[in-house]
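*Asks:* I'd like to ask some things about the structure below.
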Amino acid sequence: MEENKGQPANSWLGHRGAAAFDFRSDTMTTPTQDMLSAIQNTTLLDDVFKEDPTTMDLEAHVASLTGKEAALFVLSGTMGNQIALRSLLTQPPHGVLADHRAHIIRYESGGVASLSGAMTTTVIPSNGFYLTLEDIKSLVVLSDDDHSCPTRVISLENSLDGLIMPLDEVKRISDFARENGVWMHCDGARLWEVVASGAGSLLDFCQYFDTVSLCFSKGLGAPIGSIIVGTKPLIKHARWVRKSIGGGLRQSGVVTAAARVAVDVTFGKGPNGEGGLLRDTHAKAKRVEQLWKNLGGKMRVPVQTNMCWLDLESMDCNPSRFARLGSQVGLKLAGNRLITHYQIGEEAIQRLTSVFEKVAAERGRNKCEEDCDLSRQGPY
């Protein structure tokens, strides 16, 4: 089935666009016409010299939304995490404790080791969903014995695989960290999604962290960028680190203008994301979950935000067959993870329904012979 037939490649009419039939990730979202217009009309001054009004306004706005003193725009989520960690980790020996599935562990090219010289300790959540204080205590290193590498940062990711770490658990871990002189970092690339789910506001979550990174280019739909928030001294240091790894920007307004539209329109006004589009993406994800379950399929984990983790084995299917069925109707699928975003419309849902129905019709008929491990698309 031909995508966007009769529409030019750069059309953003309705749900048309490159991501309209792409369930692989919300990183596939493309800029809206409002974002492109903002870029066309943006300021073109130098951010290295802290002169660009569009960039400074975005940084001040997100700092205010998160209740932090300052913010720094960076080019990617990986850059945001690594600069934040490098700003917290200033004197070895030092270690970082994180969930074993965390992006900073699996998908950032060993940056914690190469940029910060830190040892990482990974923890498997005992409940299978999110880390608890008890999990943290089981592996955190607080000793000053010179044989050990002390934990200096606890890094939490929220959401992680679309699953939400509850606010009360974040508070418990943060209270413990502060009692023991340990920094707290949040990989909040999709924290917007957590807030849109109703789990708490940006202010609620960010108060428990020293640094937080948030992404503009996933579900919010901006073409480029993330942001780090924290205290003024930490952000001053972060600006230094950003420059040292080549992240200083000149006419930064061409990317920060789109990011501001993404925050205001896709997330919405205010720390709770009022008036944004993300709640609709969650409703779509719940609908996808129910369509799958209605045909007899099971889920790997419950849908809490905009990620659907299908149990393909429960329908006698595998990832390669599933992706091929999607391709036959013009959908881009990868593995058993489906992500809904604001450019996924009704036509895409209907096409996905037809794929689900085909999988159900083939159940038990050995149609899925290829063995391809695409079951987790973590880096996206």
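*Asks:* Under the condition of being within 15 Å of F209 (Cα to Cα) and of a type in the set (D, E, K, R), which residue from region 132-168 is surrounded by the fewest Cβ atoms within 10 Å (Cβ to Cβ)?
*Replies:* Ranking the qualifying residues of region 132-168, first place goes to D168.
*Asks:* If you take the residues in region 10-65 that are buried (at least 22 other Cβ atoms within 10 Å of the Cβ) and among the polar types (S, T, N, Q), which one is modelled with the lowest pLDDT?
*Replies:* T29
*Asks:* Next question. Out of all the residues in region 325-347, is one or more on the phi < 0 side of the Ramachandran plot and either of a type in the set (D, E) or not assigned by TED's automatic domain parsing to the domain that holds F23 (or both)?
*Replies:* yes
*Asks:* Is it true that some residue in region 26-45 is within 21 Å of L156 (Cα to Cα), touching a strand residue (DSSP E or B) at 6+ places or on another chain (Cβ under 6 Å) and either polar (S, T, N, Q) or in contact (Cβ under 8 Å) with a residue 24 or more places away in the chain (or both)?
*Replies:* Yes, that holds for at least one residue.
*Asks:* What number goes with the only condition from (1) more than 22 Å from the chain's Cα centre (by Cα); (2) in the same structural domain as G181 (by TED's automatic domain parsing) that K298 does not pass?
*Replies:* K298 satisfies all of (1) more than 22 Å from the chain's Cα centre (by Cα); (2) in the same structural domain as G181 (by TED's automatic domain parsing) except (2).
*Asks:* Still on this structure, please answer the following. Just one of (1) polar (S, T, N, Q); (2) closer than 24 Å to E346 by Cα; (3) touching a Phe, Trp or Tyr at 6+ places or on another chain (Cβ under 7 Å) trips up T256, so point out which.
*Replies:* With (1) polar (S, T, N, Q); (2) closer than 24 Å to E346 by Cα; (3) touching a Phe, Trp or Tyr at 6+ places or on another chain (Cβ under 7 Å) applied to T256, the lone miss is (2).
*Asks:* Between residues in region 160-179 that are farther than 11 Å from L133 by Cβ and residues that are in a helix (DSSP H, G or I) and modelled with pLDDT of 95 or more, which pairs lie under 7 Å by C-beta distance while being six or more apart or on different chains?
*Replies:* I164/V194; L167/D204; L167/F205
*Asks:* Out of region 91-135, which residues are polar (S, T, N, Q), at pLDDT 95 or above, touching a strand residue (DSSP E or B) at 6+ places or on another chain (Cβ under 9 Å) and farther than 25 Å from E169 by Cβ?
*Replies:* The one that is polar (S, T, N, Q), at pLDDT 95 or above, touching a strand residue (DSSP E or B) at 6+ places or on another chain (Cβ under 9 Å) and farther than 25 Å from E169 by Cβ: S116.
*Asks:* Can you name the residue in region 261-289 that is in contact with a strand residue (DSSP E or B) (Cβ under 7 Å, 6 or more places away or on another chain), farther than 19 Å from S201 by Cβ and of a type outside the set (V, I, T) and is also surrounded by the fewest Cβ atoms within 10 Å (Cβ to Cβ) among such residues?
*Replies:* E289
*Asks:* If you don't mind, another one. Within region 166-207, how many residues turn out to be part of a helix (DSSP H, G or I) and either of a type outside the set (S, T, Y) or outside the structural domain of H100 (by TED's automatic domain parsing) (or both)?
*Replies:* Count: 23.
*Asks:* Name the single residue that is modelled with the highest pLDDT among those in region 346-377 being part of a loop (DSSP other than H, G, I, E, B) and surrounded by 15 or more Cβ atoms within 10 Å (Cβ to Cβ).
*Replies:* R363
Residue-wise test of (1) part of a loop (DSSP other than H, G, I, E, B); (2) touching a residue at least 24 places away in the same chain (Cβ under 8 Å); (3) touching a Phe, Trp or Tyr at 6+ places or on another chain (Cβ under 8 Å).
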| site | (1), (2), (3) |
| --- | --- |
| L85 | no, yes, no |
| E108 | yes, yes, no |
| T122 | no, yes, no |
| D145 | yes, no, no |
| C149 | yes, yes, no |
| I154 | no, yes, yes |
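*Asks:* Are any of the residues in region 60-69 out of contact with any strand residue (DSSP E or B) (no Cβ under 7 Å at 6 or more places or on another chain) and polar (S, T, N, Q)?
*Replies:* The answer is yes, given that some residue of region 60-69 is out of contact with any strand residue (DSSP E or B) (no Cβ under 7 Å at 6 or more places or on another chain) and polar (S, T, N, Q).
The values are calculated or read from the model by the stated rules, or taken from the named source; none is laboratory data. Every value quoted in this text rests on a predicted model; they were computed, and no experiment measured them. For neighbour counting, all protein chains shown are included, and Cβ atoms are generated from backbone atoms with ideal geometry for every residue, glycine included.
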